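Okay, so here's the structure we're looking at.
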Amino acid sequence: QVQLVESGGGLVQARGSLRLSCAATGRTFSTYAMGWFRQAPGKEREFVAAISSSGGYAYYGDSVKGRFTISRDVAKNTVYLQMNSLKPEDTAVYYCAASTYGSSSSYAAYDYWGQGTQVTVSP
């Protein structure tokens, strides 16, 4: 089992940057694929990015491609989401998730979830 704790959210102006972190407990962190999702008020949870257990493969949702980068540090049991060129439509609660199935854009593939961190982008 793994527990996930996100941090790094906050308020930023449009075109700014933020880096989210997701710290995981448990010695098996390196065996999980990791993902980031987000949910804005009144909207469904949206896939943002995923990275394989090895860190060798990453992919992104269309709305963030070219602006966001997912990475992981196995030694620190942490996965990151670097967000650049932020837009007001990026405003949402961002969730980190771990999957034993493999990296996926479907939230159903993820077994463990963090509590979320709020990102607000002002115009």
Low-density loop positions, GluC sites (Glu not before Pro), segment 14-123 - DSSP coil, at most 15 other Cβ in 10 Å:
Glu44
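Taking the Cβ of Asp90 as the center, what net charge do the other residues with Cβ under 14 Å away carry, scoring Lys and Arg +1 and Asp and Glu -1? Each step should come with its number before you reach the end.
Values: positive: Arg15, Arg19, Arg38, Lys43, Lys65, Arg67, Lys87; negative: Glu46, Asp62, Glu89.
So the surrounding residues net to +4.
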In a Gaussian network model over the chain where Cα atoms closer than 10 Å are linked, find which of Arg38, Arg72, Arg19 has the largest mean-square fluctuation.
Arg19
Between Glu44 and Ser85, the two model label points (7 Å from Cα along the beta-carbon direction) sit apart by a distance in nm of 2.6
I need the calculated FRET efficiency for the pair Leu11 and Ser105, taking r as the beta carbon distance and R₀ as 25 Å, to the nearest 0.05.
0.35
Anchor Lys87: lysines whose Cα lies under 24 Å away (excluding residues fewer than 8 positions away in-chain)
Lys43, Lys65
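Read the figures in this text as sums done on the coordinates, not as results from a lab. As the structure is a computational prediction, the values presented were derived from the model and not from experiment. Counting neighbours? That spans all protein chains shown, and the Cβs are built from the backbone with ideal geometry, glycine included.
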